[in-house]
Amino acid sequence: MKRLIFFLLAIISLNIQAQQPKHKKAIIVLTYDDGINSQLNIAIPQLDSAHLTGTFFLTGGMSESTILRWREAAKKGYELANHTLYHPCLLTTVKANSANNSGAYTPYMMLREINQMNTLLYALDGKTGTRTYAYPCTEEEVGGVNYVDTLRKAGLAKYARIGGGPDAVITDFKNLDPLRVPSFAVTGNPVTGEALIAFVKKVQQSGGMGVFMFHGVGGDYLITPADAHRQLLAYLKAHRDEIEVTTFMKAMDEVTAAK
């Protein structure tokens, strides 16, 4: 009788395990802001070579030639995401055109830009449905008003990324706000491959998710050296069995489904 009970329990256990979704130990998301040339010239070729993917938060500042290149990137499976049309920020944060001073914006003006950028993205990749979003300069306020909940009610973004540092490892998926997903904003001087890999190792140890925020890769501004970026990708490629590297949209779909 005891053998029969043990056998039945073993069968039940195997069935439960078979029904549980199989997840890798950690999820890494590579995101790139502003749609700048070094991403097209250096970051994407390196990602292609490593057979990895990522998310590019674009603005409306594209030329005829770069539009064609971003369209090709979308065909390869890279996620094209929303970073507003004009990237409004506080002028005390960055030097920019005074017309794009987020201090003079209203939540409505931000929603209008986000909506129009979604339309532009559709013209690039033909994908329908809500997009992912990254707050320009990681600012959640415009004109002194927090617009996160306004964006939530508008339904223009499915998920949104905010800033953070090298400790921005996500493990509490149950309480994660899908419109306030923290990231590791890579802005150190200098940025090293070892520092980037150290963040990945933290994510591995926690079994959670880590989101990188890059700007320039090997050029432009807030630069991550090309060699440092290549070292990171080599580590991720070498640990494919332990780490899932996917787009921001797919990663968030996965972790929210597992809540």
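The values are calculated or read from the model by the stated rules, or taken from the named source; none is laboratory data. Since the model is a prediction, treat every value here as computed from it, not as a measurement. Every residue, glycine as well, gets a Cβ built from its backbone with ideal geometry; the counts of neighbours run over all protein chains shown. These area figures cover heavy atoms from the full protein model, side chains too; ligands, DNA and RNA do not enter into them. Shrake-Rupley method; radii C 1.70, N 1.55, O 1.52, S 1.80 Å.
Give me the pairs, please: first residue somewhere in the stretch 138-158 and within 24 Å of Tyr32 (Cβ to Cβ) and part of a strand (DSSP E or B), second residue anywhere and charged (D, E, K, R) and modelled with pLDDT of 95 or more, beta-carbon distance under 8 Å, and either six or more positions apart or on two chains.
Ala157/Arg131; Lys158/Arg131
What number of residues in the stretch 136-160 are touching a helix residue (DSSP H, G or I) at 6+ places or on another chain (Cβ under 8 Å), at negative phi, open to solvent by 40 Å² or more (accessible area, probe 1.4 Å) and not hydroxyl-bearing (Ser, Thr, Tyr)?
So the count comes out to 4.
Inspect all residues belonging to the stretch 57-71 and state whether any of them is farther than 30 Å from Leu233 by Cβ and either open to solvent by less than 20 Å² (accessible area, probe 1.4 Å) or at pLDDT below 95 (or both).
no
I need the full set of residues from the stretch 161-177 which are assigned to a loop (DSSP other than H, G, I, E, B) and among the aliphatic types (A, V, I, L, M), in order please.
Ile162, Ala168, Leu176
Pull up the stretch 87-123, narrow it to residues that are touching a Leu at 6+ places or on another chain (Cβ under 6 Å) and of a type in the set (A, V, I, L, M), then point me to the one that is surrounded by the most Cβ atoms within 10 Å (Cβ to Cβ).
The qualifying residue surrounded by the most Cβ atoms within 10 Å (Cβ to Cβ) is Met117.
What number of residues within the stretch 161-175 satisfy the criterion of being surrounded by 17 or more Cβ atoms within 10 Å (Cβ to Cβ) and out of contact with any helix residue (DSSP H, G or I) (no Cβ under 7 Å at 6 or more places or on another chain)?
Total satisfying the criteria: 3.
Got a sec? Which helices (runs of 4 or more DSSP H) wholly within the stretch 178-259 have at least 1 residues that are in contact with a helix residue (DSSP H, G or I) (Cβ under 6 Å, 6 or more places away or on another chain), buried (at least 18 other Cβ atoms within 10 Å of the Cβ) and in contact (Cβ under 8 Å) with a residue 60 or more places away in the chain?
226-238
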